[in-house]
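The values are calculated or read from the model by the stated rules, or taken from the named source; none is laboratory data. Computed from a predicted structure; not experimentally measured. Counting neighbours? That spans all protein chains shown, and the Cβs are built from the backbone with ideal geometry, glycine included. Please note that ligands, DNA and RNA were not included when accessible areas were found on the heavy atoms of the full protein model with its side chains. Shrake-Rupley method; radii C 1.70, N 1.55, O 1.52, S 1.80 Å.
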Amino acid sequence: MKRLLIILSALFCAANIYAQKIEKGKDIFSDTDITAMNAFIDNLMSRMTLEEKLGQLNQLPGGSIVTGAPLDSPTGRLIAEGKLGSVFNVKGVEETHALQKVAVEQSRLGIPLLVAMDVIHGYETMFPVPLGMSCTWDMDAIYESACIAAEESAANGVAWTFSPMVDIALDARWGRQAESAGEDPYLGSKVAEAMVKGYQTQIMACVKHFALYGGAEAGLDYQTVDMSRQRMFNQYFPPYKAAVEAGVGSVMSSFNIVDGIPATANRWLITDVLRQQWGFKGLLVTDYASIAEMNIHGLGELQENSVRALLAGTDMDMCANGFLGTLAQSLSEGKVTQADIDRACRHVLEAKYKLGLFKDPYRFGDKKKAKAVTYCEANRKAARRITAESFVLLKNDAYHGQSLLPLKKQGTIALIGPLVDTRTDISGTWSTVQAPEKYKTLREGFQDALKGKATLLCAQGCNLLDNKKTQETVARGHGNEPIPFVDADAALQDAVAIAKQSDVVVCALGECAWMSGEGTSRSQLELYAPQRRLLEALSALGKPIVLLNFAGRATALQWEDEHLPAIMNVWFGSECADALCDVLFGEVSPSGRLTVSMPRVTGQEPLYYNRLPSGRPVADGTSDYSVFTGNYIDVAQGPLYPFGYGLTYSTFSYSAPRLSANEMTSKGSVEATVTVTNTGSREATEVVQLYIHDRAASISRPVKELKDFRRITLKAGESQEVTFRITADKLSFYNYDLQYVLEPGEFDIMTGPDSQNVQSTLLTVK
Ligand code: BGC
């Protein structure tokens, strides 16, 4: 009998563990019993002191935790006193559980901690930077990457990621374009949805930065923003709204001003739009110390600004110590009410409840599981496949009668550039938990791919920048092994010497990891001078050159486009080296498409395809320098490579779009069908795109707007009909009064392989 009980209890435990395992596909919040949650939180809050409630609203980075003695660290002491509701960027099961133990065992009420982290494009298995992920246009892949990131995070003790960032990023000078899904609201909304759903199979997502952070003037990080509400609603808000509709558990407000008031304390933004209009019910956290920064924005002192932030609808204060430090005083002075504080506290406790932390505070973080899943074979394989999908082939001209790429694994190949030997930069910007010692450098990837087949010669070739101090500063994010600053002449000579001995030269240039990301605005998007000099010297040799342009943003490659036969954009990732070899040597045909317009020169920024029309338009690609038209006098109009663009190793032809009817009512829909044919000699993947243009409306509408897309893989010679359904929603917009309307009239319906190369037909809405 006793044995039976043991077996039964073992089975029960197993079942219990299994029940805790979150199935893929299901949102972790979906099982929450709201009535039970409310009763639980009512009861808990009835026992909390004011200070304990304010403690829940306080969030700090983990800081340096004294291993084995967390109570000896400032963070540990605050937790024990019930003055900290959440910590972030603490790595590993041991440390997160040590802090959790303090919360559960030492604080008076044992309220568990909410452990957060900037898991931006993977935990240890790093995917390309988010901009690169968006270039896959593959929502299943993006969802899968978020599931993998969530799985590794959850196993390592993280319950909450500060991702996805869905800020529309039109200006490539802004370094955080790397963290965005690019310039398009429709694609950005799809990416937001896929990421939120992927993360929330296991942990809580946080959509950020609400709102308009990407609108920073002149692409300068933390600069001010000013825009019309029509633009907010039509162009910048859709991805945040899509994240809310996808059930995102939390939102982070942004550093910038919205309509004259910092987003952190903007009641219209947080309460009227986000909570009331869109129905967001979750947790709202500020960005890093942004309540304190309101003072620098010119809005008074910390106490006053904490009141403003709370009353605007903020629940949690990241790092400003404004809520914990000043709200008790404000309550006693009648500046806030107990109900305001209770509302914020409830949102924090609800998040903890929904994540199951009250049932099992240690449910995130399992050493055995962490060992099994972190950077495991399956995750690396997925990352390699998905990374290969992200590369965008920008140019692939014929060399000796044949496209230069894919390369053959034969002869002698020179691999040259500052990115060739870096292990710490390979995963890209914002890789909080990267494990560079486990990742391959490009040289190692090439060596593995070419073993026994071709000779590989490598050289650094140049510095990233001419200025030593600047190079060392931009390498700061990955301080252990920064790309060395070398003697420029000797490096160039080495490169020229190995190039001379080679049949083909592959150059790995562009940005190191932290040349894009937070606080890394650039005033110049061209390749920096030493890199250009290297390319000039190498191209003078007459050898075929492939440029691998590492970037976390759109860059300006006019000179390279004019002088080099093959260019591919590369967006980092822990498996980047292997994935690159898969594509360069032809096992995989490139399928990435740009999600940002690439300028000819920096001065064109912000450059984006879905602009409002000019009254004096000049066609893209033309260089009509006549006066009194909307062109620059010194550069051709439009992008060098447009939004949506990218080559494959095959070629495709498109029919004109055919409509199921030329007219539709405002309640109806029509279908647009396009026939796509693979006219080349190998299988490849094409991203078929649908754009619309509203010819006449009550407010000015963009010249073109993406409204749908489909990734299709076709064998050589194969054709496929792709059908898009055009609904009222695709033709609607926010009018001057911010009502979402479909105005009858004529719409151009356009299909094609990118935003410039489209064929058009006309639809009339009655
Ligand atoms: C960034 C956020 C990030 C936060 C916490 C801030 O500086 O703007 O995106 O989540 O730090 O690390």
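Kirkwood analysis of the range 385-584, using all unique Cα-Cα pairs, places the hydrodynamic radius at 16.7 Å. DSSP bridge analysis restricted to the range 385-584 gives an antiparallel fraction near 20%, rounded to the nearest 5. Between the amide H of residue 455 and those of 411, 412, 413, distances stay under 5 Å, these residues lying 5 or more places away or on another chain, with hydrogens modeled in the peptide plane. How large is log10 of I(q)/I(0) for the range 652-765 at q = 0.13, 0.19 Å⁻¹ when the intensity is taken from the Debye formula with one equal scatterer per alpha-carbon? For the range 652-765, the Cα-only Debye profile gives -0.50, -0.92. Considering only 351, 164, 647, and ranking their Cα positions along the charge dipole of the chain that arises from unit charges at the beta-carbon of Lys, Arg, Asp and Glu, the one farthest toward the positive end is 351.
Using the Cβ-Cβ distance between residue 562 and residue 259 with R0 = 35 Å, the FRET efficiency computed as 1/(1 + (r/R0)^6) comes to roughly 0.20.
Express the accessible area of the range 385-584 per residue in Å², computed with a 1.4 Å probe while the remaining protein chains stay in the model.
Solvent-accessible surface per residue comes out at 34 Å².
Size descriptors for the range 471-577 (Cα atoms only): Rg and Dmax, in that order, 14.2, 41 Å. Counting only protein heavy atoms and a probe of 1.4 Å, the accessible surface of the chain is 51% carbon and sulfur. Sorting the segments 233-244, 453-464 by their mean number of nearby beta carbons within 10 angstrom, highest to lowest, gives 233-244, 453-464. With the simple model of a label 7 Å out from the Cα in the direction of the Cβ, residue 444 to residue 698 spans 6.1 nm. Compared with the dominant principal axis of the Cα atoms in the chain, helix 302-312 is inclined by about 80°. Please work out the Kirkwood hydrodynamic radius for the chain, using every pair of different C-alpha atoms, and report it in angstroms with one decimal place. Answer for the chain: a Kirkwood hydrodynamic radius of 27.4 Å. With a Förster radius of 25 Å applied to the C-beta separation of residue 400 and residue 451, the computed FRET efficiency comes to 0.45.
Extension gain for residue 337 to residue 372 (0.36 nm times residue separation, less C-alpha to C-alpha distance): 7.8 nm. For residue 261, no residue has an amide H sitting under 5 Å from its own, ignoring neighbours fewer than 5 places away on the same chain, with H placed 1.01 Å from N. Solvent exposure of the range 47-128 amounts to 33 Å² per residue of accessible area, where only protein heavy atoms count and the probe is 1.4 Å.
Express as a percent, rounded to the nearest 5, the fraction of DSSP beta bridges in the chain (both residues included) that run antiparallel. Antiparallel: roughly 55 percent of the beta bridges in the chain. From most to least packed by mean Cβ count within 10 Å, the peptides 497-504, 254-261, 154-161 give 154-161, 254-261, 497-504. For residue 721 and residue 289, a Förster radius of 45 Å and the Cβ-Cβ distance give a FRET efficiency of 0.25, rounded to the nearest 0.05. Restricting the calculation to Cα atoms, the range 639-709 yields a radius of gyration followed by a Dmax of 15.4, 48 Å.
In this simple spin-label approximation, residue 50 and residue 38 carry label points 7 Å from Cα along the Cα→Cβ vector, and these lie 2.8 nm apart. Note that the range 652-765 presents 43 Å² accessible area per residue, ligands and nucleic acids not counted, probe 1.4 Å.
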